[in-house]
Amino acid sequence: MPELPEVETVRRTLEQLVAGKTIRSVAVHLPRIIQRPDDKAVFCAMLEGRTIQTVERRGKFLRILLDGLVLVSHLRMEGRYGVYKAGEAVGKHTHVVFHFTDETELRYKDVRQFGTMHLFKPGEDLSQPPLNKLGIEPLDESFSYASFRDTVAGKGTKIKPLLLNQEYVVGLGNIYVDEALHKARIHPERPAESLTKTELQALHAAIVSTLLEAVEAGGSSIKSYVNGQGEMGMFQQQLAAYGRKDEPCPHCGEAIVKTVLAGRGTHFCPSCQVLKPKRIARKHT
């Protein structure tokens, strides 16, 4: 599933490709992708004549801002957008097509068919599902050490499942949680409440730096991810833990171990990321 760096890369690409374009018509070939309104004909009619102003992101969701509407789109497992000239052959698994007045088209393709689209009036989208319960943004200026500490400290949940929970910190998925924990040298099974101030500071910094590096590299193309121009991300070449089972840890040379935690494949270094005895950090300042 695309994580924050991949969605941010798609956002930046789409903004370059479609901002300022006006929608002439919309064709929906797989109605279940359209979640709000629940009638595809109404969805299409609402978008006719609208101009795309900009493209924003909230967690792993795209927010396509039009004049008078916000389209919230989740790519799920394998959703992708691409811009084409009108008349070009339409690829298999293309489920939604936005026809622009300049004879180009924005096409949404989704092999797994798990993606979703919601339409809202401006301002309503942030207070209603699916965006209303999302946590703090790790690349936003508001993501300070204090806000991160207040979000995770004192919770008995193991730190990896906590970071994967989008109600606490948004945008983090399996790849970048493994990478950030490895960079901070924290075992994924450590209870959040056992982390010291120094460890929380290291983890906060590791999350930010890992995500920034991944965005700079265009994300990670582990399976089928490409951006809006069909280009692969390159961050997978920099991964230190995720997908590196039995390879030497770049810090100490110990072989990376893969286990399963909360149903997710989990990679860590048994030497650098030691599962220490539980100790409650009573105060973080």
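Return the residues of the stretch 171-184 that are among the small types (Gly, Ala, Ser) and part of a loop (DSSP other than H, G, I, E, B); say none if nothing qualifies.
The answer is GLY171, GLY173.
Name the single residue that is farthest from GLY218 (Cα to Cα) among those in the stretch 9-26 being hydroxyl-bearing (Ser, Thr, Tyr) and surrounded by fewer than 21 Cβ atoms within 10 Å (Cβ to Cβ).
Checked the stretch 9-26; the qualifying residue farthest from GLY218 (Cα to Cα) is SER25.
Report yes if some residue within the stretch 68-84 is within 13 Å of ILE23 (Cα to Cα), part of a loop (DSSP other than H, G, I, E, B) and either in contact with a strand residue (DSSP E or B) (Cβ under 9 Å, 6 or more places away or on another chain) or at pLDDT below 95 (or both); otherwise report no.
no
Quick check on my filter: what residues within the stretch 185-198 are assigned to a helix (DSSP H, G or I) and touching a residue at least 60 places away in the same chain (Cβ under 8 Å)?
GLU193, SER194, LYS197
So which of VAL55, VAL26 ends up being touching a Phe, Trp or Tyr at 6+ places or on another chain (Cβ under 8 Å), at pLDDT 95 or above and within 16 Å of LEU106 (Cβ to Cβ)?
VAL26 is the lone residue from the list that is touching a Phe, Trp or Tyr at 6+ places or on another chain (Cβ under 8 Å), at pLDDT 95 or above and within 16 Å of LEU106 (Cβ to Cβ).
The values are calculated or read from the model by the stated rules, or taken from the named source; none is laboratory data. Since the structure is predicted, the reported quantities are computational estimates derived from the model, not experimental observations. For neighbour counting, all protein chains shown are included, and Cβ atoms are generated from backbone atoms with ideal geometry for every residue, glycine included.
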